[in-house]
């Protein structure tokens, strides 16, 4: 909620100043509490997964990569533990993106900008960079003092600055280094990187990601969220009155006084707010805003102001959660003397959950029933049919066999449909005349030219469906595809 | 200039731009400094582009840029690289025998891909893009071959052609029995009907089969063989099958016997390199009719 301010009390904008505003450096104070603990835990989890996942091994058999998560661009394959995807199956990523987007909406309708505050890489890395900064240069007040100081720099201060930036660059370098490991066999690439034998593109990508991590988490920080990210704008359009957001409960906090004055007024039986104007919520805020001004674009809802305020409330003996996850509906209900209502289950959240379940269900189903043997057929267009010297008709097809498994297969192919049809595969002499056999190497495709010949006596129909059956001779796995047999 | 000082939004306490729509005023929200700097840097970067790359049109041509970069030169490099990659494969193709190529899936795929492109450029005008042929131009997908349908025979025909004037070309033609006065018109009609009967087609009323047989034995057997089975040595077609290069109706047959036929297939040796001709032979053979 925005409070009305008398214009005369405010510092006026300078009309003759530049057309831009300088970035106000934010010095978040360290804090401990529930939300800080959650953030530390999530940071450790997210970074742990990101940095170490490429080293996890997964046995796929001889000849196949044994990296659990691998994007193999040269061979156009994507490996994720037991899943191996081919480029034509990119729709799984589409499904994943739909689930991710709707999960973001769901998080938003339940607890506001959960993504921004706890999980977004920008938040996680910035948080890590702040932790480094705090460790080396000290907490909020010390850092502000050191930055303001106009004294000539001493060796101690210079070494602090050098150390901070070195560690930042090291984190950035590791971030870039982990990135490239997802595209190559990690242990091999690490060895190559160390001995300077890795491909140039690997060093270039490490360089790019070192630079982006260093600049975005070390310098741009909250500016990324406020000016560069589209999500705050989209989020504002997707929220509703029931979504829980980090909120200053002004019904409880106003009117603000000092601790001493509040005690005096309470003794007189007067109504006083719990906010003692200690500015702790502002001091810990990583985006440098005052949550008491109501919901703001800049607020990433990391919950650190809740921890800060809780600590103060505990000290002055007032109930916790003057700032907490809440919404305006409940503030108004409390002002009217009604009990607060929390509606997590409502049309919006049910709809989002249903979409996630539906898309996720379809994905799991198609993955579980995904065939490792497939066949595609394309009829020759010119000529569509050929009359042979004995009067019979022949059609030619381009048949592609797909072997998505990790071992070579012997595939038999036969065609049915036209009466007395015979099948011939160019380049294949088969002992079984009506059922040529082809070896399809592991994890690859074979394109065949297939001829189907049929006598078609009498007055043939213009077009007869023809079905191509392919059978794995060893395993009995089958696949089939249908096309047409055409008379000239 | 609007006086912003007098125009403060009471809720936010910030000045407005002075723009007003139906009582709604726009807050003055200046851009962050880094954004403005980045914006100017992109302009500087663009100027760099003008200098480094081809950019400004001149009266004839354009500025070429510092390094003389052009996309056309890029394409030339790419094509040269492609040729380098292909080079080794085409050498392998040239070294393998025709039968080996058909048995090796990788060589077969290469030969078919190469053959298809070269066929489109050189053969399609007569034989059609898929080799389906036309009147007087054989269909290369069927199993009827004037000069033989084995890999070697197909390659020989591509190399030297038919009646092409090349020293090693296929010779032999359908004589003009009518034009040259060898057969009388009514004998030609009888011969035409005899030929139709050979492949089971109906004959006209009053046709004398014995007379037809006699004419055929005296004039046609030399090339077309006993019973009209044809002879690939002479390019004489099999007259008993269902495939007709010029047509099987009586009028067309009469025309063929009277005027003769001598279609020309050019020789490709010297115009295409040996590896390409091999690829062509394999491609044509793999169209389906190859023997």
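The values are calculated or read from the model by the stated rules, or taken from the named source; none is laboratory data. Note that the coordinates shown come from a computational prediction; the quantities given were computed from them, not determined experimentally. Quick reminder, even Gly has a Cβ in these numbers, built from the backbone with ideal geometry, and neighbours come from all protein chains shown.
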Of residues in region B:215-232 being touching a residue at least 24 places away in the same chain (Cβ under 8 Å) and part of a helix (DSSP H, G or I), the one nearest to the other protein chains (Cβ to nearest Cβ): B:228
Can you work out which of the residues in region B:133-169 that are closer than 20 Å to residue A:388 by Cα and touching a strand residue (DSSP E or B) at 6+ places or on another chain (Cβ under 8 Å) is surrounded by the fewest Cβ atoms within 10 Å (Cβ to Cβ)? B:136
Given (1) free of Cβ contacts under 8 Å to residues at least 60 places away in the same chain; (2) within 25 Å of residue A:302 (Cβ to Cβ), number of the condition residue A:248 does not satisfy: (1)
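For every residue, the table says whether it meets (1) part of a helix (DSSP H, G or I); (2) surrounded by fewer than 21 Cβ atoms within 10 Å (Cβ to Cβ); (3) within 14 Å of another protein chain (Cβ to nearest Cβ).
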site: B:213; (1), (2), (3): yes, yes, no
site: B:234; (1), (2), (3): no, yes, no
site: B:246; (1), (2), (3): no, yes, no
site: B:252; (1), (2), (3): yes, yes, no
site: B:280; (1), (2), (3): yes, no, no
Among (1) crowded, with 18+ Cβ neighbours inside 10 Å; (2) without any contact (Cβ under 8 Å) to a residue 60 or more places away in the chain, where does residue A:56 come up short? (1)
I need the full set of residues from region A:399-449 which are away from chain B (no Cβ under 11 Å), surrounded by 19 or more Cβ atoms within 10 Å (Cβ to Cβ) and either out of contact with any strand residue (DSSP E or B) (no Cβ under 8 Å at 6 or more places or on another chain) or not in a loop (DSSP other than H, G, I, E, B) (or both), in order please. A:399, A:401, A:402, A:403, A:409, A:411, A:413, A:415, A:423
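Among the residues of region A:467-485, is there at least one that is in a strand (DSSP E or B), more than 46 Å from the chain's Cα centre (by Cα) and at pLDDT 90 or above? Reasoning before the result, please.
Step one: filter region A:467-485 for residues in a strand (DSSP E or B), giving A:467-472, A:478-485.
Narrowing the set further to residues that are more than 46 Å from the chain's Cα centre (by Cα) leaves A:485.
Filter again for at pLDDT 90 or above, leaving A:485.
Scanning region A:467-485 turns up at least one residue that is in a strand (DSSP E or B), more than 46 Å from the chain's Cα centre (by Cα) and at pLDDT 90 or above.
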Would you kindly identify the helices (runs of 4 or more DSSP H) lying entirely within region A:61-163 that contain at least 2 residues that are closer than 22 Å to residue A:405 by Cβ and under 27 Å from the mean Cα position of the chain (by Cα)? A:91-111
Return yes when residue B:11 is at negative phi, over 42 Å from the mean Cα position of the chain (by Cα) and outside any strand (DSSP E or B) and no when it is not. yes
Within region B:14-63, residues being within 14 Å of chain A (Cβ to nearest Cβ) and assigned to a strand (DSSP E or B) number 9
Would you mind stating whether residue A:117 is modelled with pLDDT under 95 and under 21 Å from residue A:284 (Cβ atoms)? no
The condition of being touching a helix residue (DSSP H, G or I) at 6+ places or on another chain (Cβ under 7 Å) and modelled with pLDDT under 95 holds, among B:94, B:130, B:68, B:48, only for B:94
Residue list for region B:255-268, filter: surrounded by fewer than 18 Cβ atoms within 10 Å (Cβ to Cβ) and either more than 19 Å from residue B:172 (Cβ to Cβ) or within 12 Å of chain A (Cβ to nearest Cβ) (or both): B:255
Kindly state which helices (runs of 4 or more DSSP H) lie completely within region B:123-209 and contain at least 1 residues that are free of Cβ contacts under 8 Å to residues at least 60 places away in the same chain and under 16 Å from residue B:281 (Cβ atoms). B:124-127, B:151-160
Looking at residue A:275, is it touching a strand residue (DSSP E or B) at 6+ places or on another chain (Cβ under 9 Å) and part of a loop (DSSP other than H, G, I, E, B)? yes
